[in-house]
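A.B. asks: Can you keep this structure in mind? I'll have questions shortly.
The values are calculated or read from the model by the stated rules, or taken from the named source; none is laboratory data. Because the structure is a prediction, the values reported are computed rather than measured. Heads up, the Cβs are rebuilt from the backbone with ideal geometry, glycines too, and the neighbour counts pull from every protein chain shown. Quick note on the areas: whole protein, heavy atoms, side chains included, nothing else; ligands and nucleic acids left out. Shrake-Rupley method; radii C 1.70, N 1.55, O 1.52, S 1.80 Å.
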Amino acid sequence: RAAEAAPMRGLFVTGTDTEVGKTVVAAALCAALAARGERVAAFKPVVTGIEAPSGGWPADHELLAAAASCAQTPEEVAPYRFGPPLSPHFASALAGVEIEPERLRAAATAAAWRARADRAPDTGDPGALICEGVGGLAVPLSDDYLVRDLARDLGLPLMVAARGGLGTISHTLMTVELARAAGLDVAAVVMTPWPDEPSPIERSNRETVERLAGVPVHGLAPTSPDDLAVAGAALPFDDWL
């Protein structure tokens, strides 16, 4: 593979499903790193559904571009962008566009190098790349290239975004198992939105996933883009980078 590993530290944020808060988690990490003065670049291989209502939040690539400290445009964050809310391989087929794995690897590596090159000299800031996947690990980006394959090619530690409520145990454990079977290093699970006063089932789900998966599980609950840096700073991301 052309890009065996990203040329710097970073995290790859995946999810147990679609609409589980991956972008919020990734943007919170970007914002927290940026808030403490670090150079951080964002990358998302494909954005779909940009014509769909956003529910008050910016589109994924726009939110990530705004949260990162590098001067990235939304188009630089996500090299492929499609209007319908569909799986990437289907959205690209309808648009007559081929998603090229090599272009994805090159764009991610370029973003990583950009963060490294933009950092101030002699500060000790190594820069970071926060990559957000699309849906779950088994989502096809093209006919024979999955999100899992991109995560493996980039070689970044994996963070799993998951819901806190009913159904999350099985979905999260299956995601962790698939990741480990592919040789990925699962750094943590982040459940979002995580309430200030979690219910008994939410507390049980968190404890059960942590015990059975053998990874730390944390909660994240930003209520708006303005809360991202504070919410992200509460996560022990230095342990995962």
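A.B. asks: Kindly evaluate Gly183 against the criterion of being open to solvent by less than 40 Å² (accessible area, probe 1.4 Å) and either at pLDDT below 95 or not hydrophobic (A, V, I, L, M, F, W, C) (or both).
C.D. replies: Taking the combined requirement at face value, the residue does not satisfy it.
A.B. asks: Check Ala32, Ala65 and return the single one that is farther than 25 Å from Leu146 by Cα, touching a residue at least 12 places away in the same chain (Cβ under 8 Å) and part of a helix (DSSP H, G or I).
C.D. replies: That would be Ala32, the only listed residue that is farther than 25 Å from Leu146 by Cα, touching a residue at least 12 places away in the same chain (Cβ under 8 Å) and part of a helix (DSSP H, G or I).
A.B. asks: Which number in (1) out of contact with any Pro (no Cβ under 8 Å at 6 or more places or on another chain); (2) buried (at least 24 other Cβ atoms within 10 Å of the Cβ) marks the one condition that Gly165 misses?
C.D. replies: All conditions are met except number (2).
A.B. asks: Confirm whether Leu158 is at pLDDT 95 or above and open to solvent by less than 30 Å² (accessible area, probe 1.4 Å).
C.D. replies: yes
A.B. asks: For Asp149, which of the numbered conditions (1) farther than 14 Å from Ser69 by Cα; (2) at pLDDT below 95; (3) of a type in the set (D, E, K, R) fails to hold?
C.D. replies: (2)
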